[in-house]
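Since the structure comes first, as structure tokens, the remarks are kept for the end.
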Amino acid sequence: MPARRIDLHTHSTASDGTTPPAELMREARDAGLDVVALTDHDTTGGHDEALAGLPAGLTLVRGTELSCDSGGISLHLLAYLFDPAEPAFAAVRAELRASRVGRAETMARRLEAAGTGVTWQRVQELAGGTVGRPHVAQALVEAGCVASVGEAFAPEWIGTGGRFWAPKAEVGVVDAVRLVVGAGGVAVFAHPSASKRGRTVDDSVIEEMAEAGLAGLEVDHVDHDEAARAHLRDVAAALGLFTTGSSDYHGTNKTVRLGENLTPEASYEAVVERATGLEVVTG
Ligand code: AMP
Ligand code: ZN
Ligand code: FE
Ligand code: FE
């Protein structure tokens, strides 16, 4: 049997992707995937729609991508197959989402006051679930301030620390790992070396996360060059972590394609084996 095509990181309109969850499942099958994880930011809001639209032969791994912090550095933690009803973790996701609304409003109102044509009203209309900077960026494109969503992430707009940027609440990354594990889930550090998004953490943070129950590192990711991948593979081997690869698909908000990076079969099997919160579902 040929190796399955496994993509463990995608976003839908439940956060800042541009494809509704059920449609994303069809796109995933059309892209030749056998397994796809839906990992919208700080939410499980797309899971039911994705399940309802699951095409025959495609396996769905339900997950999320959590907004985390380590010593002032923003980082992302992928969480798979946790129990969405487990109260401690559910409460943290709700807090993170609530904070995102306040900070998006701050950014939008500043842009509005600056006469850009962006309005908070429009940003809210563009966000169907968890609101994020890509929705503000879309409003900036519509207003003719920038030519693409990517351009809005410049310092003069809403890039991290930029003129119109506002911070959002984040959960300490070691606590986040414990919350995921406590809800029966499997924690994987998302794009640990994506340096073009901002500062990245030292390997010592990965060690602390591993002690708290981190299971894997996302190594094959569009924002990692070959040197970063090689280094992360060494770190994973030293700490007994598995490695994953994934597209981090965001529809038309980014240029990556579904399945652009893939996860080895053994790592996927380790995710399924460790999880006690939910099971994978095959259409
Ligand atoms: P937020 O979580 O609201 O702070 O927004 C961060 C999200 O914006 C990330 O998850 C990416 O999807 C997106 N993003 C970050 N940097 C860029 C960029 N340079 N171009 C396009 N999208 C980006
Ligand atoms: Zn995103
Ligand atoms: Fe991310
Ligand atoms: Fe992501």
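We did not get these values from a lab; they are worked out from the coordinates using the rules stated. Since the structure is predicted, the reported quantities are computational estimates derived from the model, not experimental observations. No Cβ is skipped: glycine too gets one built from the backbone with ideal geometry, and neighbour counts run over all protein chains shown.
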field: Highest-first arrangement of 50-56, 261-267, where packing means the average Cβ count within 10 Å
entry: 261-267, 50-56
task: At 7 Å along the Cα-to-beta-carbon direction for both GLU273 and LYS196, put a label point, then send me their distance in nm to one decimal.
output: 3.6
message: Quick check on the range 1-126: of the DSSP beta bridges with both residues there, what percent are antiparallel, nearest 5%?
response: 55
task: Under 12 Å from the Cβ of GLU112, count the other residues' Cβ atoms, weight Lys and Arg +1, Asp and Glu -1, and hand me the total.
output: +2
query: Under a Cβ-Cβ cut-off of 14 Å, what is the net charge of the residues other than VAL92 that fall near it, where Lys and Arg count +1 and Asp and Glu count -1?
result: -3
- request: Kindly work out what percent of the DSSP beta bridges joining two residues of the chain are antiparallel, to the nearest 5.
  value: 45
query: From the phi of every residue in the range 158-169, what ³J(HN,Hα) in whole Hz does the Karplus formula 6.51 cos²θ - 1.76 cosθ + 1.60 yield, where θ is phi - 60° and glycine or proline is x?
result: 10, x, 3, x, x, 4, 10, 6, 10, x, 10, 5
query: In units of 2.2 N^0.38 Å, what is the alpha-carbon radius of gyration of the range 57-100?
result: 1.34
message: At 24 angstrom or more along the helix axis (alpha-carbon based) and mean Kyte-Doolittle of 0.0 or higher, what helices does the chain contain? Whole DSSP H runs only.
response: none
message: Taking 37 °C and 0.692 mPa s as the conditions, I'd like the Stokes-Einstein D for the range 184-283 in µm²/s, using the Kirkwood hydrodynamic radius from alpha carbon pairs.
response: 229
Charge tally in the Cβ shell below 14 Å around HIS41, where Lys, Arg are +1 and Asp, Glu are -1, HIS41 excluded: +1
- prompt: Given the rule -39500 (n - 2.57) for each run of at least 4 DSSP H residues, summed and divided by the residues of the chain, what is its mean residue ellipticity at 222 nm, to the nearest 500 deg cm²/dmol?
  reply: -11000 deg cm²/dmol
